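The values are calculated or read from the model by the stated rules, or taken from the named source; none is laboratory data. Note that the structure is a prediction, hence the values are computed from the model and not measured. Here the Cβ is made from the backbone with ideal geometry for all residues, glycine too, and neighbour counts use every protein chain on show. Please note that ligands, DNA and RNA were not included when accessible areas were found on the heavy atoms of the full protein model with its side chains. Shrake-Rupley method; radii C 1.70, N 1.55, O 1.52, S 1.80 Å.
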Amino acid sequence: MTEAPPIDLNNIPKHIALIMDGNGRWAKNQGQHRLFGHAAGVESVKDIIKTSRELGVTYLTLYAFSTENWSRPSEEVEGLMNLLVEAISNEVDEMHANNVRLLTIGNIKGLPGNCYESLCKAMDRTKNNTALTLVLALNYSGRQEIINASLRAHELMQQSKISPEELTEETFASLLQTKEIPDPELLIRTSGECRISNFLLWQLSYTELLFTDTHWPDFRRDEFIDAIAQYQKRERRFGKVSEQIKQPNE
Ligand code: IPE
Ligand code: IPE
Ligand code: MG
């Protein structure tokens, strides 16, 4: 008898968001510098992209740098920016070959010039790819994204392009940076912290949240698949009662 597959391939979340936390603690546990942990974290990123591609996840959003992260020691910030440029230049060919499209959310114009340029180049190169969209949240703040959308809504109303009645949840969502991206079904945060840290505040409204103690550099394929298995056991009720979900016609 063959073993049942660990996950239902017909119920893979379309969009998984990840707060990649714990690089610093992982490094410290080994008596290493924090940047050693960030470099190891890049290997997990590669593994999770590959697994997402295999499983048919269509959007993967990775929280890579928050607006709050500018408050870290400058050598760490600089090291993270250098790692970003390096990772993009090393990985863009393979991403392109694997039909992966790169997008970003956050204010990437506020990143150092070489980061901004390498991101723009990689996004342009991969823009017609269709299998997996990898969304990097960089210099990202969920609150700022909502303020920006509100300012845009205000502007559209002043120009009489929309009326206040037309400002539905759907129209508002279309003013966010994630406008063409469905809300994540699943959010995973590694390293034990149970908080959102200003990530996708609007979009996570009905997302299933999953927290694991594993530090990001140790988070690889098997645990990712296990997280999807846990997601598949949850009942997403969206305000209804359980019986309505089990018998949708009653
Ligand atoms: C996450 O790991 C990576 C970034 C925020 C860029 P941390 O650097 O936050 O690791 P810890 O939380 O200090 O262990
Ligand atoms: C959140 O991690 C940001 C990223 C993963 C990029 P942090 O480690 O910065 O979060 P807090 O500040 O501890 O909540
Ligand atoms: Mg952290």
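Restricting attention to the stretch 106-120, the residues that are closer than 24 Å to Val57 by Cα and out of contact with any helix residue (DSSP H, G or I) (no Cβ under 7 Å at 6 or more places or on another chain) add up to 2.
Each residue in the stretch 10-32 was checked for being farther than 21 Å from Glu193 by Cα and in contact with a helix residue (DSSP H, G or I) (Cβ under 7 Å, 6 or more places away or on another chain), and 3 of them qualify. Could you go through the stretch 184-195 and let me know if any residue there is open to solvent by 40 Å² or more (accessible area, probe 1.4 Å), within 16 Å of ligand 3 (Cβ to nearest atom) and touching a residue at least 60 places away in the same chain (Cβ under 8 Å). Checked against the condition, which is being open to solvent by 40 Å² or more (accessible area, probe 1.4 Å), within 16 Å of ligand 3 (Cβ to nearest atom) and touching a residue at least 60 places away in the same chain (Cβ under 8 Å), the stretch 184-195 yields at least one hit. What is the one condition in (1) assigned to a loop (DSSP other than H, G, I, E, B); (2) surrounded by fewer than 15 Cβ atoms within 10 Å (Cβ to Cβ) that Arg143 does not satisfy? With (1) assigned to a loop (DSSP other than H, G, I, E, B); (2) surrounded by fewer than 15 Cβ atoms within 10 Å (Cβ to Cβ) applied to Arg143, the lone miss is (1).
Looking only at residues of the stretch 53-102 that are outside any helix (DSSP H, G or I) and β-branched (Val, Ile, Thr), we find that the one that is nearest to ligand 2 (Cβ to nearest atom) is Thr61.
Would you pick out the residues in the stretch 122-148 that are closer than 21 Å to Ser197 by Cβ, touching a residue at least 40 places away in the same chain (Cβ under 8 Å) and of a type outside the set (Ser, Thr, Tyr)? Steps first, answer last, please.
Here is the first cut: in the stretch 122-148, the ones closer than 21 Å to Ser197 by Cβ are 134-148.
Restricting the remaining residues to those that are touching a residue at least 40 places away in the same chain (Cβ under 8 Å) gives 134-146.
Across the stretch 122-148, the qualifying residues are Leu134, Val135, Leu136, Ala137, Leu138, Asn139, Gly142, Arg143, Gln144, Glu145, Ile146.
Does Asp226 satisfy the condition of being more than 13 Å from ligand 2 (Cβ to nearest atom), of a type in the set (Asp, Glu), open to solvent by 30 Å² or more (accessible area, probe 1.4 Å) and not in a helix (DSSP H, G or I)? Considered against the rule, which asks whether it is more than 13 Å from ligand 2 (Cβ to nearest atom), of a type in the set (Asp, Glu), open to solvent by 30 Å² or more (accessible area, probe 1.4 Å) and not in a helix (DSSP H, G or I), Asp226 comes out as no.
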